[in-house]
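Single-structure report; data block below.
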Amino acid sequence: MKIELRSLAYSLNLVALLFAAWMAAQQQNSNATYQQLRALLPGSEIITANHLTLKRDAAVFTLNGTFTLFEAVNGKITGAAFEGSGHIHITPPTSEEKHNLMVLNRSEEFDADFDSAVFRFTDGTAAELRKAGAAVTTASNLRAQHLAVEFREFARNKLHANYDLRILEDVLSPAPGGYFLAAMHSPKMPHLILEIDPHGARTVAPEEIALHNWSDWGDTILLAFHDSDEYENGRRKQDMEINEPSTIHDEDLDVTIEKNGFLSAFVRVNLTAQGDGVAVVPLALYPTLRVRKVQGATGEPLDYVQEQKDTDPDFGVVLKTPLKQGQSATISVSYGGKDVVINEGGANYYPVARESWYPNSNMTLGSYSSYRMTFRVPKGLTLIATGTKTNEYNEGKFTISDWRTEVPLPVIGFALGKFKSLENVVPGKPAQPLTITAYANDQRPDSLEGVSGGAMMGNINTASMLPVQLSEATAAAQIYTDFFGEIPFKHIALTQQFACNYGQSWPMLVYLPLCGFLDQTQQHFLGLNAAASYWKVVTAHETAHQWWGQTVGFRGYRNQWMSEGFADASAAEFLLLTRKKPDDYRNFWKEQRTLLTEKNQYGFRPIDVGPVTMGIRLMSPKAGWNIYQDLVYPKGAYILHMVQQMMWTSSAGDANFKDAMHDLLGSYKLRPASTEDFKAVLERHMTRGIDLDGNHRLDWFFNEYVYGTALPHYHLEGGFTVENDSTVAHIKLTQSHVTPDFKMAVPIYLELSDGQVIRLGSANIAGNSTVQNDVKLPKLTSAPKKLMINYFYDVLCTEN
């Protein structure tokens, strides 16, 4: 009872603080320096440059024309408008980027001419320009001002990017800045933008360099990479750096969700500076969540930036005093807004802003923090959150619950509805028992009211599918614990969400699609039968993310393939071990190969567009917007599947593979892992079947399938003869459509006349070549019928 009273007093105190914050709202964007930057234009200082070479990392500018410098802010020049003849040349530092350029621009290097540009910078560009030519003071350059205004409006209304906020970070900092942006007008690419940001370039962080080509079709990232000198032999020397200005180590949240879905919150954020001179803290926050007040540790008001939700709504807080590296600060933020949680009727609520309903560092699945949360929701509804519920009680029209995270998490979230539930404990003898609870709404959303009542549909009752969802998740968790190891969570909540066509998995909280809670007849009636295979694995896939994506995080888009690919491969293992026959398992891999090797409407096979490490950048108006989904998921799964198949032995089975995956989970538990980290773990568990170079390295495999786009073709010929009462299998395997240094271990299978399939071994083959071998067969239960390769789709390839 005492605990409950203390919690109530604490909650009432937070309510009072929240109410006071709303009543005394601050004026956003009022910082004087920010206002100067917001209205900044080129001034009267003009520099003429002839044959100026401006080198920025791998980018080389050749410039002939005039630069009109922007007016100084806080004593710093932060931009210039250029008119004349310009050229940009970039030689990418990696083979992946060269391949991407070849797909998008038909060249492994990038070249473009431009006739005007707007440069924004906080590095030494101003001094370099002044050194290049004599400055002339004249009247305001109206053409230069027009260029600046044009880019400013484009950035705000098309890119929805607040570059003024980014520049404010360096203008207010006593430390030297290193930001550089060139927005160029090229005849073929009117909106060509190069950005170099030591804190990580927009949309590709933590990579510092990005080249964008924006059109009405969308934003195409032509190039992105780290500082060029950080590469060695085409690989990044340090793949997991933290380069954002600050990191969040814990947050306290007090959140209220009204019946109509309106969300308001008071959040206290504790952060630490990652470098010297941190004057501005950028935070991710959903655009419709409008900040009302920001305070420091002692309640002092802090300036903050948040423009209109439909323009450039990036959120950032201006600190009273810049922080030195290692120094900590506390920021309290009061905010609220609609369209973050949608009331879909029937007590079904849809959390829209999954990653940004609370202030965070925008490094989802790559930055771990601790959280304490209090939620107020309408009485009669149930809220399930990431973490452990420590208290719950009713007060007036609200149900109030307190939650805390027992371990650091990469992201937090919640589900809300009027739920029924079932619970299971995962079988086995783990060090920490794992409880799984499945939740389904006991009422239909408004969108399904119109399709109910038909004889074919029957009564739509999603709660009736709770036993099925719970059973599948429990079986999946048992399999994954065996194969990969124990996760650090005590429980997992499976929740029905309103969205029909996708699932998502946050720590201890799985969002399952509404249509997964319908039976097969109802799915067929709604036209969902074409995705029948999806419904077989969606629960297993999302449950697997508790291992891959949450327990082991992945920092940056280049490593995201492991999260989705490993979850897909895990779901395939679920199919193999929960079915009497391997048909669903084999069909799964067949479908994955089809996704990768069939041309899309743009004429591209997904596997040819780029390696899995290109992540979301694979999507483009030229290659297609489904490339990410059709390549990263299936190929990422195939990579893990092939490793498992190569590590399998007749004597040990999957023991070697399990040891490696337990090592990966244990080594990177509650922290991010990179592609190279995964490779290093596998190399610690090398077996003869996978060590094709004989050097205990997996460069051969990763260069082919992870960092490359290889797709071998195989042709098998074979037969049987009887010699001295023994049956001999004659094997002839041909590999083609590969480079001379490509190599692979190809499993060979034998099918018997009684239907039994036996794995005979593997054939190691390199380049475009043929290997032949005669194998004396042991005594068999029935006569041999035929030789096969790829029975379990062991190798990602084509064959005949």
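Taken over the alpha carbons of region 687-800 as equal point scatterers, the Debye sum produces base-10 log I(q)/I(0) values at 0.10, 0.14, 0.16, 0.19 Å⁻¹ of -0.33, -0.61, -0.77, -1.00. Is the shape of region 396-448 best called rounded, prolate or oblate, per the rule: a/c under 1.5 gives rounded, else a/b larger than b/c gives prolate, else oblate, with a ≥ b ≥ c the square roots of the Cα gyration tensor eigenvalues? Cα axes put region 396-448 in the oblate bin.
Note on the chain: with charges restricted to the Cβ of Lys and Arg (+1) and Asp and Glu (-1), its dipole about the Cα centre is near 1320 debye. Once region 513-671 is represented by equal point scatterers at the alpha-carbon sites, with solvent omitted, what log10 I(q)/I(0) does the Debye formula produce at q = 0.10, 0.11, 0.12, 0.20 Å⁻¹? Here the Debye-derived log intensity ratios amount to -0.41, -0.49, -0.59, -1.39.
Cβ distances below 4.7 Å define possible disulfide partners, and in the chain the cysteines left without one are 797. Largest first and in whole Å, the equivalent-ellipsoid semi-axes of region 638-753 read 32, 19, 11, each the square root of five times a Cα gyration tensor eigenvalue.
With an a/c value of 1.5 or above and a/b larger than b/c for the gyration tensor axes a ≥ b ≥ c computed over the alpha-carbon atoms, region 222-277 is described as prolate. Ranking 633, 358 from most to least accessible surface, computed with a 1.4 Å probe over the protein chains only, gives 633, 358. Across region 246-334, the volume of the C-alpha convex hull divided among the residues equals 93 Å³ per residue. For the residue pairs 635/679; 293/389; 581/785, alpha carbon separations beyond 25 Å are given by 293/389.
With viscosity set to 1.567 mPa s at 4 °C, what whole-number translational diffusion coefficient in µm²/s follows for the chain from Stokes-Einstein and a Kirkwood radius over Cα pairs? For the chosen part, D equals 44 µm²/s.
Against the globular-protein guess of 2.2 N^0.38 Å, express the Cα radius of gyration of region 513-598 as a ratio, rounded to two decimals.
On the way: Rg = 14.3 Å, N = 86, 2.2 N^0.38 = 12.0 Å.
In units of the globular-protein estimate, region 513-598 measures up at 1.19.
Treating each Cα of region 616-657 as an identical point scatterer and ignoring solvent, apply the Debye formula and state log10 I(q)/I(0) at q = 0.21, 0.32 Å⁻¹. Treating every Cα as an identical point scatterer, log10 I(q)/I(0) equals -0.65, -0.97.
Out of every Cα-Cα pair that region 457-591 contains, those further apart than 27 angstrom amount to 18 percent.
Under the simplified labelling scheme, the residue 526-residue 272 pair shows an inter-label distance of 4.6 nm, with each label point 7 Å from Cα along Cα→Cβ. Among 648-656, 333-341, sorting by the average number of other beta carbon atoms lying within 10 angstrom of each residue, highest first, gives 333-341, 648-656. Model label points for residue 106 and residue 736, set 7 angstrom from Cα along the Cα-to-Cβ axis, are 2.9 nm apart. Summarising the label geometry, the points placed 7 Å from Cα in the beta-carbon direction at residue 232 and residue 533 lie 4.2 nm from one another. Compactness ratio for region 102-224: Cα radius of gyration over 2.2 N^0.38 Å (N = residue count) comes to 1.12.
Measuring nothing but how far apart in sequence close Cα pairs (under 8 Å, 6+ apart) lie, relative to its length, region 187-232 scores a relative contact order of 30 percent. Alpha-carbon geometry of region 24-110: the Rg and the Dmax are 18.8, 57 Å, given in that order.
Across the alpha-carbon atoms of region 131-181, the computed radius of gyration and Dmax are 14.4, 36 angstrom. Entry note, region 135-207: relative contact order of 15 percent, from Cα contacts under 8 Å with a spacing of 6+ residues. Label region 587-675 by shape, choosing from rounded, prolate and oblate, from the square roots a ≥ b ≥ c of the eigenvalues of the Cα gyration tensor; if a/c is under 1.5 it is rounded, and otherwise prolate applies when a/b is larger than b/c, oblate when it is not. Oblate, because a/c is 1.5 or more while a/b does not exceed b/c. Fully extending the segment from residue 717 to residue 113 would add 211.9 nm, taking 0.36 nm per residue of separation and subtracting the current Cα-Cα distance.
Spherically averaged projected area of the convex hull of Cα atoms, region 308-426: 11.0 nm². The stretch between residue 395 and residue 308, if pulled fully straight at 0.36 nm per residue, gains 27.8 nm over its current Cα-Cα span.
Accessible surface calculations at 1.4 Å, restricted to protein heavy atoms, place the chain at 40 Å² per residue. Taking the convex hull of the alpha carbon positions in region 289-345 and averaging its projected area over all directions gives 5.6 nm².
Could you check how many percent of all C-alpha pairs in region 186-339 are farther apart than 28 Å?
Taking all Cα-Cα pairs of region 186-339, the fraction more than 28 Å apart is 36 percent.
Per residue, the Cα convex hull of region 382-529 amounts to 129 Å³. Protection proxy ranking, highest mean first, for peptides 580-592, 255-267, 293-305: 255-267, 293-305, 580-592, where packing is the per-residue count of other beta-carbon atoms within 10 Å, averaged. Estimated at 0.36 nm per residue, the fully extended path between residue 288 and residue 85 surpasses their Cα-Cα distance by 68.9 nm. Averaged over residues, the count of other Cβ atoms within 10 Å places the peptides 83-93, 220-230 in the sequence 220-230, 83-93, highest first.
If R0 is 30 Å, the Cβ-Cβ spacing of residue 684 and residue 95 corresponds to a FRET efficiency of close to 0.70. The relative contact order of the chain, computed from alpha carbon pairs under 8 Å that lie at least 6 residues apart in sequence, is 8 percent.
Dividing the summed -39500 (n - 2.57) terms of all DSSP H runs of n ≥ 4 by the residue count of the chain sets its mean residue ellipticity at 222 nm at -7500 deg cm²/dmol.
The values are calculated or read from the model by the stated rules, or taken from the named source; none is laboratory data. Worth saying up front: this structure is predicted, and the values here are computed from it rather than measured. For neighbour counting, all protein chains shown are included, and Cβ atoms are generated from backbone atoms with ideal geometry for every residue, glycine included. Ligands, DNA and RNA are stripped out before the accessible areas are found, and what is left, the full protein with its side chains, is counted by its heavy atoms. Shrake-Rupley method; radii C 1.70, N 1.55, O 1.52, S 1.80 Å.
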